[in-house]
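The values are calculated or read from the model by the stated rules, or taken from the named source; none is laboratory data. Just so it is clear, the structure is predicted and the values come from calculations on it, not from any experiment. Every residue, glycine among them, receives a Cβ derived from its backbone with ideal geometry; neighbour counts consider all protein chains shown.
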Amino acid sequence: MRSIARFCGQCSCGCPELFVDPAAPEDRQVVITDDFGQRVEMSLDQFASIVEAAKAGSLDEPALVH
């Protein structure tokens, strides 16, 4: 797996991280890990739809909720 980005917040419990695994099956090539060791696997197309939604601003409101 190749690390693409690390998302560090305001805690000292670890950081969620985004990986791409080109050797994985197509529907599991994008991997997001959380700071507790859990992971979400998805296709590049599924991840692209998340990126598109973020760019369009539809994820802004949930990101502002603390």
query = In the set 48, 24, 54, which member is surrounded by 10 or more Cβ atoms within 10 Å (Cβ to Cβ), part of a loop (DSSP other than H, G, I, E, B) and of a type in the set (A, V, I, L, M)?
reply = 24
task = Sort out which residues of the stretch 13-27 are over 15 Å from residue 3 (Cα atoms) and at pLDDT 95 or above, and write them in order of number.
result = 25, 26, 27
inquiry  = Which of the numbered conditions does residue 29 fail, given that it passes all the others? Conditions: (1) closer than 22 Å to residue 62 by Cβ; (2) in contact with a helix residue (DSSP H, G or I) (Cβ under 6 Å, 6 or more places away or on another chain).
reply    = (1)
ask   = Which condition number does residue 19 fail, the rest of (1) surrounded by 11 or more Cβ atoms within 10 Å (Cβ to Cβ); (2) outside any strand (DSSP E or B); (3) not aliphatic (A, V, I, L, M) being met?
value = (2)
